[in-house]
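**Student:** Mind looking over this structure? Questions follow.
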Amino acid sequence: KAAGYWRKAQARDGGFRAKLDDYGGLGEATTVANTAMGLAGLYITLDMAFADSASRCTQYLSNSAHRESIQQSLAWMEKYYDEYYKMLPTLDAQPDVGFNAAATILLTRYSGYREFRDKDVFLTEAENLVRAFDPSSGLFAGSLQLTSFALSFLNDGGAPIVVQRIVLGGSPDFRLSRDVVHMVRHLVTERKRPLNWRETDLEEDIAELLTVPLLYIHVADSFELDDAEWNKLRDYCFGGGTVVFNIAEDAEDT
């Protein structure tokens, strides 16, 4: 029912509003904060499909409608992230910086996507929060509640990225596998400190790849890497990084 709720709440453009269409939301604009929150909800219910003894859930949540909803919302974020005024032309108000930050940090935690429209989500939302800081009072927007949240957001979002993942071969749906999410969640529990992960690809600059110590490559199907890509992996290893390959059982000709 939770998975069905998030799919029903999604607007036709792939984004999310504050209300479902059936409850008066049809005339509302889809926004970054609501879409990030809705997309996180889609990911969280997908996580539940892989919980212990959740075979019936797996059959239900692994359907194409759920995967398509996630892909549509990711496309919305890639098209509109940080386009507040263009998306809200009729509203004479600033977006809620606290809600935007809360929604986007939740999304990055579950999706591994830390950039949309070539913008670093954490840095963008952190800059928006810092603008609300008042040095004279030591508070964010004069609010103890927002100050408490802002400090927590900066601590969690700025925590080290310990692993990055590349998916080779297969459909885009393979990026929805929950392997790295569970890995980092375990590390957070063991180390008792916030840690992050991210999706990446071999088009990323080697210097940026080397900022993260572990590169996890999920081989979903047959793939081909050119000499430049193999050399980048070699440079990553010689630069101190560790590469781990996970080859799917049904990956052919790998």
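Read the figures in this text as sums done on the coordinates, not as results from a lab. All of these numbers come straight from a predicted model, not from anything done at the bench. Cβ coordinates were reconstructed from backbone atoms using ideal geometry, including for glycine residues, and neighbour counts include every protein chain displayed.
**Student:** Compare the peptides 231-244, 68-81 by average per-residue count of other Cβ atoms within 10 angstrom and give them in order, highest first.
**Tutor:** Going by the mean number of other Cβ atoms within 10 Å, highest first, we get 68-81, 231-244.
**Student:** Let me ask something else. If you restrict to DSSP beta bridges whose two residues both lie in the stretch 114-254, what percentage is antiparallel, to the nearest 5?
**Tutor:** Numbers: 5 of 21 bridges.
Within the stretch 114-254, antiparallel bridges account for around 25 percent of the total.
**Student:** Could you work out the relative contact order of the stretch 138-254, using alpha carbon pairs under 8 angstrom and six or more residues apart, expressed as a whole percent? Each step should come with its number before you reach the end.
**Tutor:** Values: 151 pairs, mean separation 33.7, N = 117.
Dividing the mean separation by the residue count of the stretch 138-254 yields 29 percent.
**Student:** Roughly how tilted is helix 227-238, in degrees to the nearest 10 and between 0 and 90, from the longest Cα axis of the chain?
**Tutor:** Roughly 80 degrees, rounded to the nearest 10.
**Student:** Still on this model: Let me make sure I get this right: for the stretch 143-254, a, b and c are the square roots of the gyration tensor eigenvalues over alpha carbons, sorted descending. Under 1.5 in a/c it's rounded, otherwise prolate if a/b > b/c, else oblate. Which is it? Walk me through the intermediate numbers first.
**Tutor:** Values: a/c = 2.47, a/b = 1.78, b/c = 1.39.
Verdict is prolate for the stretch 143-254.
**Student:** A further question follows. According to the square roots a ≥ b ≥ c of the eigenvalues of the Cα gyration tensor, what is the shape class of the chain, taking rounded for a/c under 1.5, prolate for a/b larger than b/c otherwise, and oblate for the remainder?
**Tutor:** Working: a/c = 1.82, a/b = 1.28, b/c = 1.42.
Since a/c reaches 1.5 but b/c is at least a/b, the shape of the chain is classed as oblate.
**Student:** Is it possible to state the helix-based mean residue ellipticity at 222 nm for the chain, with each DSSP H run of 4+ residues giving -39500 (n - 2.57), the sum divided by total residues, to the nearest 500 deg cm²/dmol? What is it?
**Tutor:** Numbers: 11 runs with 121 residues, N = 254.
Mean residue ellipticity at 222 nm (helix-derived): -14500 deg cm²/dmol.
**Student:** While we're here: Return one number: the angle in degrees, 0 to 90 and rounded to the nearest 10, between the long axis of the Cα atoms of helix 32-48 and the longest principal axis of the Cα atoms of the chain.
**Tutor:** 50 degrees
**Student:** If one takes the longest principal axis of the Cα atoms in the chain, at what angle in degrees, from 0 to 90 and to the nearest 10, does the Cα axis of helix 64-80 lie?
**Tutor:** The angle comes out at about 60 degrees.
**Student:** Can you tell me which of 39-46, 27-34 comes out highest on packing, and rank the rest after it, using the mean Cβ neighbours within 10 Å? Before the final figure, lay out each step's value.
**Tutor:** Numbers: 39-46: 22.8, 27-34: 19.5.
The packing order, highest mean first, is 39-46, 27-34.
**Student:** Need the list of lysines near Lys19 for cross-linking: C-alpha distance under 23 angstrom, and skip anything on the same chain fewer than eight residues off.
**Tutor:** Lys1, Lys8, Lys79, Lys86
**Student:** Compute the distance in nm between two label points, each set 7 Å from the Cα along the Cα-to-Cβ direction, one at Ala65 and one at Phe174.
**Tutor:** Once both label points are built, they end up 2.7 nm from each other.
**Student:** A follow-up question, please. Ordered by residue, what ³J(HN,Hα) values in Hz, to whole numbers, does the stretch 6-18 give under the Karplus form 6.51 cos²θ - 1.76 cosθ + 1.60, where θ = phi - 60° and Gly and Pro are x?
**Tutor:** Result, rounded to whole Hz: 5, 5, 5, 6, 6, 7, 5, 7, x, x, 10, 9, 6.
**Student:** Also, I was wondering about something else. Using the per-residue mean of other Cβ atoms lying within 10 Å as a proxy for protection, in what order, highest first, do the peptides 3-10, 153-160 fall?
**Tutor:** Details: 3-10: 18.1, 153-160: 15.6.
Put in order of decreasing packing, that is 3-10, 153-160.
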